[in-house]
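Everything below concerns the one structure shown next.
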Amino acid sequence: MSWAVEEWKEGLSPRVLQKIHELESQVDKLKKERQQRQYQLETLEAALQKQKQKVENEKNESAVLKRENQSLMELCDNLEKAKQKISHDLQVKESQVNIQSGQLNSSKKDIERLEQELKR
């Protein structure tokens, strides 16, 4: 079959054959260059897809971290409110203890006074 491909060249001058050979060589060179560029393009497209996937994963991770951060902020707010309530309750109880302590001291003095009166 290759003889049929070359058959059309029969009878051409050496100068024309040389030019045909140069053009065929150039075509082969351009085909190889095209294949290399196609490979580079495919490689770059694969790298681009990988980067897009990485960006998407990072966006998802960022969204998860934002939700977690929001949840932790709400938890902190709730804990701060609970701390303030406990602190307030403690102050109220300390006040009650102080009042009761004062009442106890007053009662002790009354008891001591009454005991003194009984001894007389």
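Here residue 26 passes the criteria (1) part of a helix (DSSP H, G or I); (2) exposed (fewer than 10 other Cβ atoms within 10 Å of the Cβ) except the one numbered (2). Within the range 18-30, residues that are within 15 Å of residue 6 (Cα to Cα) sit with their Cβ atoms under 7 Å from residues that are open to solvent by less than 90 Å² (accessible area, probe 1.4 Å) and of a type outside the set (S, T, N, Q), at 6+ positions apart or across chains, in these pairs: 20/9.
Against the list (1) open to solvent by 90 Å² or more (accessible area, probe 1.4 Å); (2) touching a helix residue (DSSP H, G or I) at 6+ places or on another chain (Cβ under 7 Å), the condition residue 100 fails is (2).
Every residue, every condition in (1) of a type in the set (A, V, I, L, M); (2) exposed (fewer than 10 other Cβ atoms within 10 Å of the Cβ); (3) modelled with pLDDT under 95; (4) on the phi < 0 side of the Ramachandran plot, yes or no:
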| position | (1), (2), (3), (4) |
| --- | --- |
| 4 | yes, yes, yes, yes |
| 9 | no, no, yes, yes |
| 12 | yes, no, yes, yes |
| 35 | no, no, no, yes |
| 38 | no, no, no, yes |
| 46 | yes, no, no, yes |
| 60 | no, no, no, yes |
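Whether a residue is assigned to a helix (DSSP H, G or I), aliphatic (A, V, I, L, M) and at pLDDT below 95 was assessed, and residue 79 does not pass this test.
Among 72, 114, which is the only one that is of a type in the set (A, V, I, L, M, F, W, C) and modelled with pLDDT under 95? Break it down stepwise before answering.
Numbers: 72 fails: modelled with pLDDT under 95.
Answer to the selection: 114.
The values are calculated or read from the model by the stated rules, or taken from the named source; none is laboratory data. The structure presented is a predicted model; accordingly, all values stated were derived computationally and were not measured. Because the Cβ atoms are built from the backbone with ideal geometry, glycine has one as well, and the counts that use them run over all protein chains shown. All accessible areas refer to the heavy atoms of the entire protein, side chains included, with ligands and DNA or RNA removed. Shrake-Rupley method; radii C 1.70, N 1.55, O 1.52, S 1.80 Å.
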